[in-house]
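K.L.:
One structure follows; several queries about it will come next.
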Amino acid sequence: MVNHTSSPFNAIKAIDYTVVYVREMGAMRSFYEDVLGFACHRELSPDWIEYQIGPNTLTLANPKRTETEAPIPPGSAALQLAFKVSVADVDRCADELLSHDIDLLSPPTNQSFGHRTLFFRDPDGNVMEIYAEI
């Protein structure tokens with residue numbers, strides 16, 4: 001058994017930023033800015049766009065670490081982002097998504113574990129959750 005009490009990784013206390021690898025930057029940027037209403041915090045290049053969400057940074061990135069790196073294969077998105085809001089805002093977010101013709105994976109629902117949830121996908125198929133504690 002590994003002794004984790006002396007691990008240098010114990011210094012990690014929070015997630016500093018989350019990177020979402022994108023296939024189509026234009027569609028993803030439009031979704032995060034025009035649909036979700038996130039303001040661009042910083043654009044380091046056309047392939048790296050940052051949004052400040054509370055104390056965290058959400059980054060859209062085109063993963064081109066090397067010249068020969070293959071694009072992200074279709075269907076490989078494996079990310080879920082959850083955003084905490086008030087109970088009333090869960091329903092308001094659903095209405096806003098529907099006004100932008102975004103399909104909901106599930107409408108606002110009170111869950112047995114004490115959350116009101118709303119699920120949908122971004123243009124790359126990543127699962128997005130808006131939730132509130134109830």
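The values are calculated or read from the model by the stated rules, or taken from the named source; none is laboratory data. Just so it is clear, the structure is predicted and the values come from calculations on it, not from any experiment. Note: ideal-geometry Cβ built from the backbone for every residue, glycine included; neighbour counts use all protein chains shown.
K.L.:
In the range 100-122, which residues are assigned to a loop (DSSP other than H, G, I, E, B) and within 10 Å of residue 132 (Cβ to Cβ)?
P.N.:
Result: 114, single match.
K.L.:
I'd like the full set of residues that are of a type in the set (Gly, Ala, Ser), touching a residue at least 24 places away in the same chain (Cβ under 8 Å) and closer than 24 Å to residue 24 by Cβ, limited to the range 86-126.
P.N.:
Across the range 86-126, the qualifying residue is only 125.
K.L.:
Taking into account only those residues within the range 40-73 that are of a type in the set (Val, Ile, Thr) and modelled with pLDDT of 90 or more, which is farthest from the chain's Cα centre (by Cα)?
P.N.:
49
K.L.:
I'd like to verify a number: residues in the range 90-114 that are crowded, with 18+ Cβ neighbours inside 10 Å and not aliphatic (A, V, I, L, M), how many?
P.N.:
Qualifying residue count, the range 90-114: 2.
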